[in-house]
Amino acid sequence: MVSNEGNIGKWENPLNKDKEEYKVRKSFGKIWKIPNFFLSLQSHSCLPEMDTRIILLSCLMLAGCASGEFHSILPEDVQLKVGDVVFRRGGGLTSQVVLAADVDGNYSHIGIVVDSANVMMIVHAVPGEPDFKGDVDRVKMDRPECFFSTEYTIVGEVCRPRDSLIARKASEVAMEQYQLGMPFDHDYDDQDTTKMYCTELIAFAFRKAGHDVVDSERHEVHLPFFCARCIFPSDIHSSDFLESIYLFNN
């Protein structure tokens, strides 16, 4: 998901890692994710060439100012368990794009709770949320408070698998993908398990654990800037194997 000080006409492709993009990324906050989202899709044959300056200006107008303090919307009394599947919906353009495609869904992103040295963490595959300068889009692990930060979330939900053993196995599979440094799948192709997008990671983890949480066929997505066959968050959220435990908002 550079240098743009002064003249916007000199703004360069932020995918060029030789530029001072990290400073700009921190300045733009979550707005940075939006041009990165569009730019990452330019590799698709169905996507026409786009002017990055137009993208940036459009995103600034649509997203507004990203400055300000963020806090977690996760209630303090929520007790997460290993294998819990967590959902979130943001208020930004990227979330709106996901929800526009997933017309039956309420969420735009998903992760799974894992045990990291007796601390509950969330493993998820996400683009545009680097942990450090030069970090690539990949499967990452975050504190629950970070995952449900108002920087990314306006509504959240925790769902619990009905079988705790399968839940634990699925969490272990997801942790393995994190430890492998699994890259994010910008092609959204769940037939290629050498890289993964968010719902693909969760579906893969539970399938390896012995239970398929996705019953439906893959969805054909044809948007002006994106073409793929995807698993939607609603496909997993609607699974009878998951029980809603907590629902909360900002």
Considering amide H positions built from the backbone, and no H for Pro or chain starts, which residues 5 or more places from His109, or on another chain, come under 5 Å of its amide H?
-> Arg88
Which order, highest average first, do 158-166, 202-210, 141-149 follow once you tally other Cβ atoms within 10 Å for each residue and take the mean per peptide?
-> 202-210, 141-149, 158-166
Read phi for every residue in region 193-200 and hand back ³J(HN,Hα) as whole Hz from Karplus 6.51 cos²θ - 1.76 cosθ + 1.60, θ = phi - 60°, with x for Gly and Pro.
-> 8, 8, 7, 9, 9, 4, 6, 4
Rounded, prolate or oblate: which fits region 160-230 when a ≥ b ≥ c are the square roots of the eigenvalues of the alpha-carbon gyration tensor, with rounded for a/c under 1.5 and prolate only if a/b beats b/c?
-> oblate
Rounded, prolate or oblate: which fits region 107-246 when a ≥ b ≥ c are the square roots of the eigenvalues of the alpha-carbon gyration tensor, with rounded for a/c under 1.5 and prolate only if a/b beats b/c?
-> rounded
What is the set of long-range amide H partners of Arg138 at a cut-off below 5 Å, with H atoms built 1.01 Å from backbone N?
-> Val126, Phe184
Computed lengthening from Asp115 to Ile154, 0.36 nm per intervening residue step minus Cα-Cα distance = 11.5 nm
Work out from phi, with θ = phi - 60° and the Karplus expression 6.51 cos²θ - 1.76 cosθ + 1.60, the ³J(HN,Hα) of each residue of region 205-213, listed in order in whole Hz, and give x for Gly and Pro.
-> 4, 6, 5, 5, 7, x, 9, 8, 8
Sort Val113, Val98 from largest to smallest accessible area, using a 1.4 Å probe on the heavy atoms of the protein chains.
-> Val98, Val113
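The values are calculated or read from the model by the stated rules, or taken from the named source; none is laboratory data. Since the structure is predicted, the reported quantities are computational estimates derived from the model, not experimental observations. Please note: Cβ atoms are built from the backbone with ideal geometry, for glycine as well, and neighbour counts cover all protein chains shown. Surface accessibility is based on the protein's heavy atoms, side chains included, excluding ligands, DNA and RNA. Shrake-Rupley method; radii C 1.70, N 1.55, O 1.52, S 1.80 Å.
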